[in-house]
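Let me begin by presenting the structure, written as structure tokens, before commenting on it.
Just so it is clear, none of the values below were taken in a lab; they were calculated from the coordinates. Bear in mind that the values here come from a model prediction, so they are computed numbers and not experimental data. Positions of Cβ are backbone-derived with ideal geometry, glycine not excepted, and every protein chain shown enters the neighbour counts.
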């Protein structure tokens with residue numbers, strides 16, 4: 001992370017100090033003081049970089065509160081406690097399983113190209129490669145993936161199924177994907193020393209594919225196997241809106257996620273104290289600032305495009321649609337946020353809004369029910385973000401962020417050829433295949449064991465009352481009457 005200490009050789013100083021009896025002692029003294037000061041600068045560099053990374057981890061973790069508020073506001077009041085509890089358990093269960101298995105499978109180097117092999121239970125930590133802050137940062141990413149999936153299967157999933165899928169996703173499925181694309185040993189990583197995929201590797205800087213597409217595909221299979229919520233489609237097959245109970249919570253959750261995204265995307269640089277040209281005002285700190293700007297512009301553009309697009313399509317201004325459009329823009333820019341210009345981020349956000357609108361229309365046609373539009377938002381917009389990066393990645397930025405490989409491919413529309421696009425196409429196919437096989441199989445087994453979906457009676461009454469002992473919002477008479485009807489003591 002920080003640079004190596006500067007060296008000082010006493011023999012180089014002898015000629016400058018003359019041939020006096022004290023020349024040798026003076027030279028050794030000067031070098032000793034020089035090396036002590038140099039080591040202090042190195043220590044400071046490590047401290048600055050680790051502080052930056054820890055602060056970014058705290059921001060990403062704050063996104064869990066955003067997910068909780070967004071999910072709670074997007075479901076009906078009778079399922080509020082359930083969805084809030086699942087978000088808490090995503091973090092808690094994910095913490096233990098990512099500590100025990102996940103981090104090792106993702107970043108346990110040295111390893112092969114497909115799976116990590118070291119650091120189980122954080123053994124031999126910290127190391128020259130990783131410190132504790134890096135684990136915390138990657139854990140915050142892992143539990144974000146589980147949060148995406150929980151939104152897709154909300155309001156109809158047994159509580160035990162949440163525990164099983166969340167642990168499996170954060171402990172095994174997601175870590176293997178992150179190893180492929182983010183570990184220096186991964187078969188498709190841009191950080192490999194040699195044998196880069198299509199001479200490039202996959203540039204998925206903060207995870208349009210690794211995070212968003214993984215969570216979306218997992219949620220897609222869960223929702224498909226469970227089927228739509230009761231009442232989501234009428235007898236004629238027409239879609240019926242089952243609106244969330246609180247637009248206030250949706251907006252609060254959206255702003256918290258927006259805030260956390262400044263740790264998600266800029267924080268993925270891992271360190272900030274890195275110059276590209278010694279003595280220049282322009283360095284990694286500038287690239288971090290640019291990444292925050294591209295993230296902002298993509299989200300803002302997507303929000304406004306959704307606002308006016310939905311106004312034209314349905315005839316009114318809808319705050320929930322705008323919030324989802326904003327988040328779709330963020331999901332899309334996440335992969336290429338560090339390697340594109342701000343003007344390209346505006347284009348990314350504009351297209352992502354229409355991708356989300358189109359995916360939602362397709363979902364209705366196919367009778368697919370996702371209470372938070374998670375598969376459409378994180379999957380559709382995440383996939384667009386992967387393609388977008390392959391089209392608009394700028395050569396200069398790619399070489400700054402991924403140095404050491406002269407002639408590395410960059411965006412097709414920026415004159416870099418089609419090799420990066422080919423690598424990113426492989427990424428989409430690999431993620432969809434692996435997550436579909438692993439999570440699809442898990443959800444199918446849970447379904448066959450009758451551990452996946454709650455009963456129709458429980459769904460109609462709401463999971464807060466049947467599984468969690470009471471409603472989130474206290475209406476005593478109504479709650480008592482429901483308990484009598486259901487025989488709940």
Exercise for the section: Compare the peptides 272-285, 208-221 by average per-residue count of other Cβ atoms within 10 angstrom and give them in order, highest first. Expected result: 208-221, 272-285
Handout entry: Between helix 247-264 and the chain: long-axis angle, C-alpha atoms, 0 to 90°, nearest 10
Key = 20
Completion exercise
Per the helix-only model, the chain has a calculated mean residue ellipticity at 222 nm (DSSP H runs of ≥4, -39500 (n - 2.57) each, divided over all residues, rounded to the nearest 500) of -20000 deg cm²/dmol
Problem - Listed peptides 237-243, 46-52, 62-68 by packing density, highest first (mean Cβ within 10 Å) - result: 62-68, 46-52, 237-243
Handout entry: Ascending count of other beta-carbon atoms within 10 Å, so fewest first, for 294, 305, 248
Key = 248, 305, 294
Problem - Nearest-0.05 FRET efficiency for residue 236 and residue 312, computed from C-beta distance (R0 30 Å) - result: 0.70
Problem - Angle between the chain longest axis and helix 342-365 axis [Cα atoms, degrees, rounded to 10] - result: 30
Practice task
Please list 29-39, 412-422 highest first by mean number of surrounding beta-carbon atoms within 10 Å per residue.
Solution key: 412-422, 29-39
Fill in the blank from the handout: With R₀ set to 45 angstrom, the calculated FRET efficiency between the beta-carbons of residue 280 and residue 474, to the nearest 0.05, is 0.15
Exercise for the section: Give the share of C-alpha pairs in each 10 angstrom bin for region 364-457, from 0 to the last occupied bin, in whole percents, shortest bins first. Expected result: 13, 30, 27, 17, 10, 3, 0
Fill in the blank from the handout: Rounded to 0.05, the calculated FRET efficiency for the beta carbons of residue 450 and residue 259 at R₀ = 35 Å is 0.30
Problem - Among (i) 25.4, 102; (ii) 25.3, 74; (iii) 26.5, 89, the entry that matches Rg and Dmax of the Cα atoms in Å as calculated here - result: (i)
Practice task
Can you pull a Stokes-Einstein diffusion coefficient for region 249-361 at 10 °C (1.306 mPa s), Rh from Kirkwood over Cα pairs, as a whole number of µm²/s?
Solution key: 109
Practice task
Report, to the nearest 10°, how far helix 80-97 tilts away from the longest principal axis of the Cα atoms in the chain, using its own Cα long axis and a range of 0 to 90°.
Solution key: 30
